[in-house]
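> My structure is below; once you've seen it, I'll send some questions.
The values are calculated or read from the model by the stated rules, or taken from the named source; none is laboratory data. Bear in mind that the values here come from a model prediction, so they are computed numbers and not experimental data. Here the Cβ is made from the backbone with ideal geometry for all residues, glycine too, and neighbour counts use every protein chain on show. With ligands, DNA and RNA removed, areas are computed over all heavy atoms of the protein, side chains included. Shrake-Rupley method; radii C 1.70, N 1.55, O 1.52, S 1.80 Å.
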Amino acid sequence: MSSVYFRNAEVSDVFQIASIHVESAKLAYRDFISRPLLDDVYNVKYKRKLWEKVIVNDPNSIIVVSNEMNKIIGFAYFEVLCESEKNLLVELHTLYIAPAYFRQGIGAALVQRMLDNLKLHDEIDVFLWVLDKNVEAKKFYFKWGFKEAAEQRICDDIPEAKLSEVKLIRSMW
């Protein structure tokens, strides 16, 4: 992995974040979701609005990773759902890497950075939802100590596709 830099997202990053989201999702989900439905749900115009709203409302919830030319090559969006003095419950909503940077350790670096940011608490539960059919993503998270929980649901991003998601969780004590 070449030199990478981490920081919180800024509104000026919206186009790059949306573009990575769309490009990566279409590639990752092409075997599970029809092309017309992918094109409908994953378009840059819609995702720009979504990410602008998220960044404006909670700028510390998105970590971007950029290369030495300051081009964003990946991002992770997580949300603290419940926080007490000792305990923390966090949902990792999205983690996407620009396809040109797949399998170069960028996703692992983003997960590590997120976990490092959360280590101020004694007990941390991080969870996420992943498509049950997305074996590659599940393998990635299993390497990071996530375990499959008993919970399942229909993917709420694309309910028309009726895809099952499973909950993965990692507890850190």
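> Consider segment 9-46. How many of its residues are assigned to a helix (DSSP H, G or I), surrounded by 17 or more Cβ atoms within 10 Å (Cβ to Cβ) and either on the phi > 0 side of the Ramachandran plot or at pLDDT below 90 (or both)?
So the count comes out to 2.
> Also, I was wondering about something else. Among the residues of segment 137-157, is any surrounded by 12 or more Cβ atoms within 10 Å (Cβ to Cβ) and either in contact with a Gly (Cβ under 6 Å, 6 or more places away or on another chain) or under 27 Å from VAL11 (Cβ atoms) (or both)?
Among the residues of segment 137-157, at least one is surrounded by 12 or more Cβ atoms within 10 Å (Cβ to Cβ) and either in contact with a Gly (Cβ under 6 Å, 6 or more places away or on another chain) or under 27 Å from VAL11 (Cβ atoms) (or both), which makes the answer yes.
> Another question, if that's okay. How about segment 86-120: which of its residues are assigned to a strand (DSSP E or B) and either open to solvent by 40 Å² or more (accessible area, probe 1.4 Å) or under 19 Å from HIS21 (Cβ atoms) (or both)?
Across segment 86-120, the qualifying residues are ASN87, LEU89, GLU91, LEU92, HIS93, THR94, LEU95, TYR96, ILE97.
> Related question: Provide a single number: the residues in segment 151-173 that are modelled with pLDDT of 90 or more, farther than 23 Å from VAL41 by Cβ and of a type in the set (A, V, I, L, M, F, W, C).
Selection size over segment 151-173: 1.
> Looking at SER66, SER61, can you tell me which residue is touching a strand residue (DSSP E or B) at 6+ places or on another chain (Cβ under 6 Å) and closer than 15 Å to GLN16 by Cβ?
Step by step, each of SER66, SER61 is checked, and only SER66 is touching a strand residue (DSSP E or B) at 6+ places or on another chain (Cβ under 6 Å) and closer than 15 Å to GLN16 by Cβ.
> Quickly run through segment 121-131 and pick out the residues that are charged (D, E, K, R) and part of a loop (DSSP other than H, G, I, E, B).
ASP122
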